[in-house]
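Engineer: Starting off with a structure, shown below.
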Amino acid sequence: MVKRDTGRAGGRAGERAGAASSLRLGVDRGSPVPLYFQLARQLEAAIEQGGLAPGSLLGNEIELAARLGLSRPTVRQAIQSLVDKGLLVRRRGVGTQVVHSKVRRPPELSSLYDDLEAAGRRPATRVLRNTVEPAGAAVAAALGVPEGADVRLVERLRMAHGEPVARLRNHLPPGLLELSTDRLESTGLYRLMREAGITLHSARQCVGARAATAAEGAELTEPAGSPLLTVERTTYDDTGRAVEFGSHVYRASRYSFEFQLLARP
């Protein structure tokens, strides 16, 4: 039995031990899954489920290695994999700390749902609106339809691990495909397009930023005035037809774009 010292020295020792000391961790040495990966998955699950809260210290690598009977390089590799994912951060003089993870999205023609799912981020969707409305000037120009023509409007709140990440607003040309609210809440829009035989070919996209309105802040659990990333995208199929015009806002605290830049020859 380990006795707890409720004095100041015991408090400092508990802080050094870190939040991971209270977790039930273990590895299966008979499994073909690498030991570092087993540990990383358990720590990641603890972060996702709230067992390791944002801001908490993970603890000393040596103590964690001794507790689990692992080598220090194995523990370091597990921790580094979570640092690379943005779930942990190493702070000089502080230690390894749990942080909110940020979605890092490459500039590819993919949907947020697919990107979150591929990253193991458990995407979920709440449909706010799924209706038909007359096209305004900007939507009509983007989709190549007459102003005032009926177009499909879909507004959704996209979550990752139960936390809102983005508010998505999409307009689609009339008669493109059937979009039930149930299907929109179970998968991504681009996946539904592909299932309907639509081949997505290219897109024109503009990324910007602005402050959140009070309504957006309430939906995205951010204070009004918080920075939001904005994205406007017009997507085309392999015939050159515009099949979607999206106008989205993302929480800058949880989302970023990654770009690879090449020097001119």
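Engineer: Residues LEU262, LEU200: which one is modelled with pLDDT under 95 and touching a strand residue (DSSP E or B) at 6+ places or on another chain (Cβ under 8 Å)?
Structural biologist: From the options LEU262, LEU200, the qualifying one is LEU200.
Engineer: LEU176 - would you say it is farther than 15 Å from ASP237 by Cβ and touching a residue at least 60 places away in the same chain (Cβ under 8 Å)?
Structural biologist: no
Engineer: Condition test on PRO107, is it at pLDDT below 95 and open to solvent by 60 Å² or more (accessible area, probe 1.4 Å)?
Structural biologist: Against the criterion (at pLDDT below 95 and open to solvent by 60 Å² or more (accessible area, probe 1.4 Å)), PRO107 qualifies.
Engineer: Does GLY188 fit the bill of being out of contact with any Leu (no Cβ under 9 Å at 6 or more places or on another chain), closer than 12 Å to ALA124 by Cα and either modelled with pLDDT under 95 or not aliphatic (A, V, I, L, M) (or both)?
Structural biologist: no
Engineer: Could you list, in sequence order, all residues of segment 174-188 that are open to solvent by 40 Å² or more (accessible area, probe 1.4 Å) and within 18 Å of the chain's Cα centre (by Cα)?
Structural biologist: GLU185, SER186 - these are the residues of segment 174-188 that are open to solvent by 40 Å² or more (accessible area, probe 1.4 Å) and within 18 Å of the chain's Cα centre (by Cα).
Engineer: Within segment 31-82, which residues are open to solvent by 40 Å² or more (accessible area, probe 1.4 Å), β-branched (Val, Ile, Thr) and either assigned to a helix (DSSP H, G or I) or touching a residue at least 24 places away in the same chain (Cβ under 8 Å) (or both)?
Structural biologist: Of everything in segment 31-82, just one residue is open to solvent by 40 Å² or more (accessible area, probe 1.4 Å), β-branched (Val, Ile, Thr) and either assigned to a helix (DSSP H, G or I) or touching a residue at least 24 places away in the same chain (Cβ under 8 Å) (or both), namely ILE62.
Engineer: Quick check on VAL145: is it in a loop (DSSP other than H, G, I, E, B), open to solvent by 10 Å² or more (accessible area, probe 1.4 Å) and modelled with pLDDT of 80 or more?
Structural biologist: So VAL145 fits the description; yes.
Engineer: Among the numbered criteria (1) open to solvent by 60 Å² or more (accessible area, probe 1.4 Å); (2) over 21 Å from the mean Cα position of the chain (by Cα); (3) modelled with pLDDT under 75, which one does ALA17 miss?
Structural biologist: Just one mismatch for ALA17, condition (1).
Engineer: Within segment 155-172, can you find the residues that are among the small types (Gly, Ala, Ser) and either open to solvent by 10 Å² or more (accessible area, probe 1.4 Å) or at pLDDT 95 or above (or both)?
Structural biologist: GLY162
The values are calculated or read from the model by the stated rules, or taken from the named source; none is laboratory data. Note that the coordinates shown come from a computational prediction; the quantities given were computed from them, not determined experimentally. Here Cβ is always computed from backbone atoms with ideal geometry, including for glycine, and neighbour counts include all displayed protein chains. Calculation scope for accessible area: heavy atoms of the full protein, side chains included, ligands and nucleic acids excluded. Shrake-Rupley method; radii C 1.70, N 1.55, O 1.52, S 1.80 Å.
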